[in-house]
Amino acid sequence: MEAAGDEEGPMMYGQIEQFFNSLEGPTAKERIDYITAFLISLLPPPFVPAPEVVGDDSDDGSFSITSSDSEAPPALHPETIGDGTDHISHLPDALLSNVVSRLPTQEAARTVVLSTRWRGVWAATPLLVDDAHLAGADGPHDIPVVRAVSRCVAAHPGPVRGVRVTRISFYHHEYPLRRLLADLADKGVQDLILFNRPLPINMPLPEDILRCASLERLYLGVWHFPKITAAHPPAFHKLRELGLFHCIVRDQEVDALLAHCPKLEIFSIVVSYGLPSRLRIVSRSLRVVVDWKSTLDEVVVQDTPCLERLIFRTIDTRRPIKIVGAPRLEVLGFLDFNLHELEIGGIAIKAGMNVRAGAMVPSLKILAVTVRFACNQEAKMLPTLLKCFPCLETLHVLPVPSESVNSTHDHGFWESLGSCECLELHLKTLMVHGCLEQDNEIGFLQYVIREGKALKAVCLALSPNNNVAMDMVSASFGKNNAASGGGSITDISLTEIDGWIFQNAIDMSVDDPFSVDDVILPYSYF
């Protein structure tokens, strides 16, 4: 469903309900609730756990004030406890700030009455606000919570470490929203997660968001992003991580954001329908780009000297993927041969083609693909891609069954194939996210084992449907080479990848974002 434009006004529940109810399956409310919960589940974890509210004697409830990089204060010596002396006030300011940061807001605010020094400590403690910490923040129409979030930021005189808002709607509360963003910009907010939950889906985001020059991480959900002009460009000079969740963002705004974020390393577009319509990646700093269940018409990696990961979780929307300039690209996937038309260096990659040097990406180490082996063209794309990525070390394959079989190949196709540099020298791990049952699927596995001179591990799903594949792997390597042990054993769905998650995709400390060790039974051979 394409997003409404500015002139159409807010797209409210009634319109969306009418559209969703025209579809088969779940009701409109069930769909909207699912989308909202899904988006929230992909966000970075809360700054601190929400406190258990057992009682409340204020209008706004309680929220947490904390500094995320503080160390735990040292325990007092037992002999000093209970002697009537105020030892706490003699601690250094840094430790007092640590103490205040761990108190609920009501208790932290009460410390200001202890002394002038405590008042200064509270004011200097970096503020962190999470609407989950506010009493009654359990629904989209909780007006006191909307005002409380804005007021607590306005009232605190010190710096703002982070704000996380995921439970409330700002519709009909435009003034508190503008005041909140203006205060955040003025007080140097570093970390902001701001969701409008759940409707309207094109709620205008105030332009003050563009003034938040101290931001290092920004996640926005269910907003209509403001227009960016040459006179008022975004001041995101420190921004390193940006996520746009179910937002309406014009192609021009995406281009302007990338152009004005000189330190941006992680960029994700999640569940975006219609706008942006395409993603053109030009950035000297980006390391990770994620397109997660959006309906982009095209993805072009144009000039990205630092890009290491290009990751997709695509719904049923066909699109070209064009890789023009990505000399450090190491991770790519999940490429769906049925949906993605891959182009490298201006050369369209076709099954069975002779791969020239200009169509190779020698930096790529990890590739994940979705393939219907029953489809002749899709099956033939696999050996072609192995030539496009000659230094590939790990190959993830999601085999998908196809009802329409147009394949004329079986074992004979794979037996006729020769080796390539990837199989001869580099491919170490094959991980199959599903079952290999048909002759054309078993033929592929046999081909990789036969030609994979550097192969060290074949990972298969533990399933009765995989018995033929597992027996073949065991017979090929021999029982004496099989590694003992194994982890948690769970069947893998053939139509959905449940083992890898969004947070792994954007977490650079995770070496292989597609790895699902907790649900895959590995057969390792050395």
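A few points about this structure:
- Pairs, first of a type in the set (V, I, T) in the range 447-460, second in a loop (DSSP other than H, G, I, E, B) and open to solvent by less than 30 Å² (accessible area, probe 1.4 Å), C-beta under 9 Å, six or more apart: V448/L427; V448/L455; I449/L455; V458/G452
- Taken over the range 183-199, residues that are within 23 Å of the chain's Cα centre (by Cα) and either part of a loop (DSSP other than H, G, I, E, B) or of a type in the set (A, V, I, L, M) (or both) amount to 9.
- Criterion: closer than 22 Å to F334 by Cα, part of a strand (DSSP E or B) and at pLDDT 95 or above - qualifying residue of L385, L364, L395: L395
- For the range 217-248, filtering for residues that are surrounded by 23 or more Cβ atoms within 10 Å (Cβ to Cβ) and β-branched (V, I, T) leaves 2.
- Some residue of the range 398-420 being modelled with pLDDT under 95, in contact with a Leu (Cβ under 7 Å, 6 or more places away or on another chain), among the aliphatic types (A, V, I, L, M) and under 28 Å from V516 (Cα atoms): yes
- Of the residues screened, N504 is one that is of a type in the set (S, T, N, Q), open to solvent by 30 Å² or more (accessible area, probe 1.4 Å) and either at pLDDT below 90 or within 28 Å of T314 (Cβ to Cβ) (or both).
- So K350, is it over 18 Å from D291 (Cβ atoms), open to solvent by 20 Å² or more (accessible area, probe 1.4 Å), outside any loop (DSSP other than H, G, I, E, B) and charged (D, E, K, R): no
- The range 373-384 residues that are open to solvent by 10 Å² or more (accessible area, probe 1.4 Å), paired with ones that are in a helix (DSSP H, G or I) and modelled with pLDDT under 95 (beta carbon under 7 Å, 6 or more apart): A374/N440
- Filter result (outside any strand (DSSP E or B), under 21 Å from the mean Cα position of the chain (by Cα) and not polar (S, T, N, Q)) within the range 295-317: L296, D297, C306, L307, E308, I315, D316
- Count of residues meeting criterion [under 28 Å from P401 (Cα atoms) and not polar (S, T, N, Q)] in the range 324-343: 12
- Count - residues of the range 254-278 that are open to solvent by less than 50 Å² (accessible area, probe 1.4 Å), under 16 Å from G243 (Cα atoms) and over 16 Å from the mean Cα position of the chain (by Cα): 7
- Among the candidates G434, G443, the residue that is outside any strand (DSSP E or B), modelled with pLDDT under 95, open to solvent by less than 40 Å² (accessible area, probe 1.4 Å) and within 22 Å of F514 (Cβ to Cβ) is uniquely G434.
- Residue in the range 160-175 that is within 14 Å of V129 (Cα to Cα), outside any strand (DSSP E or B) and open to solvent by 20 Å² or more (accessible area, probe 1.4 Å) present: yes
- Taking the range 331-344 as the range and being in a loop (DSSP other than H, G, I, E, B), of a type outside the set (F, W, Y) and crowded, with 19+ Cβ neighbours inside 10 Å as the test, no residue passes.
- Test: V301 is farther than 18 Å from I501 by Cβ, in contact (Cβ under 8 Å) with a residue 12 or more places away in the chain and open to solvent by 10 Å² or more (accessible area, probe 1.4 Å): no
- Yes/no for V290 being surrounded by fewer than 20 Cβ atoms within 10 Å (Cβ to Cβ), part of a strand (DSSP E or B) and either at pLDDT 95 or above or on the phi > 0 side of the Ramachandran plot (or both): no
The values are calculated or read from the model by the stated rules, or taken from the named source; none is laboratory data. Everything numeric here is computed off the predicted structure, so don't read it as measured data. For neighbour counting, all protein chains shown are included, and Cβ atoms are generated from backbone atoms with ideal geometry for every residue, glycine included. These accessible areas exclude ligands, DNA and RNA; they are computed on the full protein's heavy atoms, side chains included. Shrake-Rupley method; radii C 1.70, N 1.55, O 1.52, S 1.80 Å.
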